[in-house]
Amino acid sequence: MYVRNMENAITVSGLHKSFGRTHALNGLDLQVAVGEVHGFLGPNGAGKSTTIRVLLGLLKADSGTATLLGGDPWKDATTLHRRLAYVPGDVTLWPGLSGGEVIDLLGRLRGGLDPQRRKDLLERFDLDPRKKGRTYSKGNRQKVALVAALASDVELLILDEPTSGLDPLMEGVFRECIEDEKRRGRTVLLSSHILAEVEALCDRVSIIRNGQTVESGTLEQLRHLTRTSIVAELATPIGTIPGVHNLAIDGAKVRFEVDTEKIDDALKHLSHAGVRSLVSHPPTIEELFMRHYQAEPDQTGAER
Amino acid sequence: MTGAWNLVRLILRRDRILLPIWVLLLGALPGTYATSFFELLPDDAARATFAATTASNPSVEAMLGPIYGSSIGAFTAQRVGFLYAIVGLVNLLTVIRHTRTEEDAGRRELVAATAISRHAPLTAVLAVTFAANLLLGLIAAAGLSKTGLPSSGSLLIGLTLAGTGWVFAAIGALVAQLTEGAGAARGLGIAVLGAAFLVKAAGDGAASSVSWASPLAWGQHSRPYEGDQWWVAALFVIVAAVIAVPAYRMAASRDVGAGMVPARLGPAEAAPRLSTPLALAWRLHRGLLAGWTAGFALAGLLFGGAAKAASDVLSSNKEMADLLAKLSGGSSVTDLYLAEIMGVSAIVAAAYGIQAALRMRAEETGLRMEPVLATSVGRIKWAAAHLVFAVLGPAVALAATGLASGLTYGLAVHDLSGQLPRVLGAAVVQLPAVLVLTGITVALFGLAPKLTSAAWGALAVCLFLGQLGALLQLSQGALDISPFTHVPKLPGGTVTATPLITLTAVAAAFLVVGLYAFRRRDVTTG
Ligand SMILES: Nc1ncnc2c1ncn2[C@@H]1O[C@H](COP(=O)(O)OP(=O)(O)OP(=O)(O)O)[C@@H](O)[C@H]1O
Ligand SMILES: [Mg+2]
């Protein structure tokens, strides 16, 4: 059991990194508190893997600061790496080494792994450790990396799309494992495109796009930031409703979207016209992310 | 053969730079040999002397091939000898690159899922190499007859160059089916090529018909310009076809991604020793080390034995033995022969050093370095583990060839205790020059990771300077670029410490610069 303190496990601010003309990171900010499962989301090419590689000391940032477990991810890489485990998005194994050998090797290079937990995890993930690296399927390669990381005794897990390639059953096992890790008090940075997984596991999420953080907070807070869609049938037709979006008036029927904090005003306006029926949809997590994922160049541009 | 044509276009597009370079370059070389011989040996007297001395020196015959006359054509045909091996290598690598490497990268599946026949990928690459070799041969034939050599002999050289290419393209197709993975396919293919080279060298050096066992020897045994044997050209076609048939069968019957040799299960747990970067490097390098060491030892046995045969041939020709002794400043003919062998062994050992050092880059681009560096292994420690093999591997290989050739030669001349240390020393003294090439690879890996394989270019320059520098009458300054120029000619020559120390220092400097740059750079995967 690790002692929780108020310090952040990861603090990143104003991180810049470019590859030639591609600006992969454009002043990215990220805070992950000790003991939380932090979802790291964003569309393809947003810069998630790049951020993770900077945090692992594999890439050197152009500017900005990053602190990992109280150290500098570039300078203190080898000592910090004893305290974390990493699962890459694209797992490739050595063709001639068996899965079991890879698990043990990576665990030992990190400073040891728990044989009991290794055994449990192999069972839970239904993984045959005797196969050679080249004969594993994509999902099974992913499992090898997951077992190697989860069986290690570390404070921080950095997982880059760890469930890509896992079948739904194994994804369920993965969720259980992360729940266990959370109970043990470990910190998890989880990059993922599977929203149900994020919804089920994450205490807080950060959404990034084009190398910048566009939103960060608990899912509740993020929900609050999005719009509810409302369809209503009215007694008398109305001309307009102030402060709503995508308003469509079809005789007595109106449909629109409204920001959470303005629902009350809109409903008051409707009730003046007499409400016959009303259906409201709270934002689904998909809608929430769609809104952040879709490129809105004028929005980010105007905000600056 | 649905889709083969589209795949041909894909290959031509991907190789649009590489393919023209090797076709033009290798096609143009024979003509330049002929031109320089015409300049170097203007009259019959000079030609007769050259034929009786340099050209029929057994060490030259071992490296290049037999000499069948005293015409410029005969000299050119002998000089072309080395090109057969290079044409073979290029074809081998091209076919593996477009079959097995594609499959490993998963791109074959992408192609296989479109509507093409199972044979199309193999057909496409064989069609491309068939045409490329034919073009290369025609360019060579045209270049040779332009210098004034008879056109039928020129065409025969061209056709045998093309034929050698076809046979090794077919061998490439076969090994690509037999093994699991491009690395293993390349290893097996190069081992076959190396064996063919050794058999040719041992046979030709001792004027024995053993060399007929090697496809690399057939071209010269067709006696271009000296009684053209045209049936040999047909031999290439038949043998290439015979090798390609099983490759086709296997390509159709095995699964994409699998080899004909199925993989076995491994241990469920790692042995206690497998817990350091060095232990991992040992697992990744041991096959390479064993293969090269065995190859070097075998080559040493053959060459050591052939050295005695070579000296026997020469001692029957008193006049020539005297001449050679004078030319070489008192060294015996067998010493010259052994020194030549050690020089070539050094180039080959450097190829091993480069290959071993390139493993680092392969680990990086193959995404297998990242998970290790994400553990508490530092970059220098990771690289050092690989460098143990890139540095000590060539040393072990050279020692193996020195011991083996010292053994067979010493036994043949009944002077084991005298010859073994001499020959072993001649092999080991090459090491500093070999390590310069390893160092260049590491420097590139640190400073310009995307260009790491340009180290092969550096080796090609050394090979070019060593094989052709004297013939093309290049200046000493140009020859000095190659580290191998500075190695004392042993056995027989004198050893001075300065060049050895300098070479070692240069190699060390390259290593240090490379490691320093690697520690500071980004991990790149593209
Ligand atoms: N080594 C590199 N060289 C050049 N460009 C790179 C390199 N690595 C990443 N990029 C670019 O940086 C940007 C961010 O890439 P990154 O891999 O971080 O995205 P990601 O958020 O992980 O996307 P995904 O969800 O697809 O995994 C992309 O535009 C990518 O093309
Ligand atoms: Mg990514």
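The values are calculated or read from the model by the stated rules, or taken from the named source; none is laboratory data. Only a predicted model underlies this, so the values are computations on that prediction, with no experimental measurement involved. Here Cβ is always computed from backbone atoms with ideal geometry, including for glycine, and neighbour counts include all displayed protein chains. We work out accessible area using only protein heavy atoms, side chains counted, and drop any ligands, DNA or RNA first. Shrake-Rupley method; radii C 1.70, N 1.55, O 1.52, S 1.80 Å.
So for region B:460-469 (the condition being in contact (Cβ under 8 Å) with a residue 12 or more places away in the chain and closer than 30 Å to B:Met369 by Cα), does at least one residue qualify?
No, every residue in region B:460-469 fails to be in contact (Cβ under 8 Å) with a residue 12 or more places away in the chain and closer than 30 Å to B:Met369 by Cα.
Could we say that A:Ala77 is free of Cβ contacts under 8 Å to residues at least 60 places away in the same chain, within 16 Å of ligand 1 (Cβ to nearest atom) and open to solvent by 10 Å² or more (accessible area, probe 1.4 Å) here?
The answer is no for A:Ala77.
Give region A:57-74 a look and list any residue that's of a type in the set (Gly, Ala, Ser) and either more than 11 Å from chain B (Cβ to nearest Cβ) or closer than 19 Å to A:Ala33 by Cα (or both), or say none.
A:Ser63, A:Gly64, A:Ala66, A:Gly70, A:Gly71
Just the residues that are more than 18 Å from B:Pro491 (Cβ to Cβ) and open to solvent by 20 Å² or more (accessible area, probe 1.4 Å), please, taken from region B:390-431.
Matches in region B:390-431: B:Val391, B:Leu392, B:Ala395, B:Val396.
It is to be established whether one or more residues within region B:159-174 are in a loop (DSSP other than H, G, I, E, B) and open to solvent by less than 10 Å² (accessible area, probe 1.4 Å).
no
For region A:40-132, which fully contained helices (runs of 4 or more DSSP H) count at least 2 residues that are away from ligand 2 (no atom under 16 Å from the Cβ)?
In region A:40-132, A:77-80, A:99-110, A:115-124 are the helices (runs of 4 or more DSSP H) which contain 2 or more residues that are away from ligand 2 (no atom under 16 Å from the Cβ).
Quick one: would you say A:Gly112 is closer than 18 Å to B:Pro277 by Cβ, of a type outside the set (Val, Ile, Thr) and at the interface with chain B (Cβ under 7 Å from one of its Cβ atoms)?
no
Scan region B:35-49 for residues that are exposed (fewer than 10 other Cβ atoms within 10 Å of the Cβ) and over 30 Å from the mean Cα position of the chain (by Cα) and report the count.
Going through region B:35-49 one residue at a time, the tally reaches 2.
Here are the criteria: (1) surrounded by 19 or more Cβ atoms within 10 Å (Cβ to Cβ); (2) under 30 Å from A:Ile178 (Cα atoms). Tell me which single one A:Asp203 does not satisfy.
(1)
May I ask you to say which residue of A:Val188, A:Val231 is outside any helix (DSSP H, G or I) and not assigned by TED's automatic domain parsing to the domain that holds A:Leu84?
Exactly one of A:Val188, A:Val231 is outside any helix (DSSP H, G or I) and not assigned by TED's automatic domain parsing to the domain that holds A:Leu84, namely A:Val231.
Please go through region A:173-226 and give me each residue that is within 13 Å of ligand 1 (Cβ to nearest atom) and of a type in the set (Gly, Ala, Ser), ordered by number.
Listed by number, the residues that qualify are A:Ser191, A:Ser192, A:Ser206, A:Gly211.
Kindly check whether there is at least one residue in region B:103-114 that is over 19 Å from the mean Cα position of the chain (by Cα), free of Cβ contacts under 8 Å to residues at least 24 places away in the same chain, surrounded by fewer than 17 Cβ atoms within 10 Å (Cβ to Cβ) and at positive phi.
Scanning region B:103-114 turns up at least one residue that is over 19 Å from the mean Cα position of the chain (by Cα), free of Cβ contacts under 8 Å to residues at least 24 places away in the same chain, surrounded by fewer than 17 Cβ atoms within 10 Å (Cβ to Cβ) and at positive phi.
A:Leu28 - would you say it is open to solvent by less than 10 Å² (accessible area, probe 1.4 Å), in contact with a strand residue (DSSP E or B) (Cβ under 7 Å, 6 or more places away or on another chain) and within 16 Å of ligand 1 (Cβ to nearest atom)?
The answer is yes for A:Leu28.
Away from ligand 1 (no atom under 16 Å from the Cβ), touching a residue at least 60 places away in the same chain (Cβ under 8 Å), outside any loop (DSSP other than H, G, I, E, B) and open to solvent by less than 40 Å² (accessible area, probe 1.4 Å): is that true of B:Ala507 in this structure?
Spelling it out, B:Ala507 is indeed away from ligand 1 (no atom under 16 Å from the Cβ), touching a residue at least 60 places away in the same chain (Cβ under 8 Å), outside any loop (DSSP other than H, G, I, E, B) and open to solvent by less than 40 Å² (accessible area, probe 1.4 Å).
Would you please name the residue that is modelled with the lowest pLDDT, looking only at residues in region A:151-167 that are away from ligand 1 (no atom under 16 Å from the Cβ) and touching an Asp or Glu at 6+ places or on another chain (Cβ under 9 Å)?
Out of the qualifying residues, it is A:Asp153.
Going by the conditions given, is B:Ala258 on the phi > 0 side of the Ramachandran plot, in a loop (DSSP other than H, G, I, E, B) and either within 28 Å of the chain's Cα centre (by Cα) or at pLDDT 95 or above (or both)?
No: the conditions fail for B:Ala258.
Return yes when A:Phe256 is outside the structural domain of A:Val12 (by TED's automatic domain parsing) and not acidic (Asp, Glu) and no when it is not.
yes
Restricting attention to region A:217-237, and to residues there that are crowded, with 17+ Cβ neighbours inside 10 Å and over 16 Å from A:Glu287 (Cβ atoms), which single residue is farthest from ligand 2 (Cβ to nearest atom)?
A:Leu234
Hey, any hits in region B:476-489 for a residue that's closer than 23 Å to B:Ala297 by Cα, part of a loop (DSSP other than H, G, I, E, B) and open to solvent by 30 Å² or more (accessible area, probe 1.4 Å)?
yes
Just checking, does region B:515-524 include any residue being surrounded by 14 or more Cβ atoms within 10 Å (Cβ to Cβ), over 30 Å from B:Val333 (Cα atoms) and more than 14 Å from every other protein chain (Cβ to nearest Cβ)?
The answer is yes, given that some residue of region B:515-524 is surrounded by 14 or more Cβ atoms within 10 Å (Cβ to Cβ), over 30 Å from B:Val333 (Cα atoms) and more than 14 Å from every other protein chain (Cβ to nearest Cβ).
Considering A:Leu109, A:Leu105, A:Leu59, A:Leu169, which residue is in the same structural domain as A:Val37 (by TED's automatic domain parsing) and touching a residue at least 24 places away in the same chain (Cβ under 8 Å)?
That would be A:Leu59, the only listed residue that is in the same structural domain as A:Val37 (by TED's automatic domain parsing) and touching a residue at least 24 places away in the same chain (Cβ under 8 Å).
Quick one: count up the residues across region B:432-457 that are free of Cβ contacts under 8 Å to residues at least 40 places away in the same chain and either buried (at least 24 other Cβ atoms within 10 Å of the Cβ) or assigned to a helix (DSSP H, G or I) (or both).
Count: 3.
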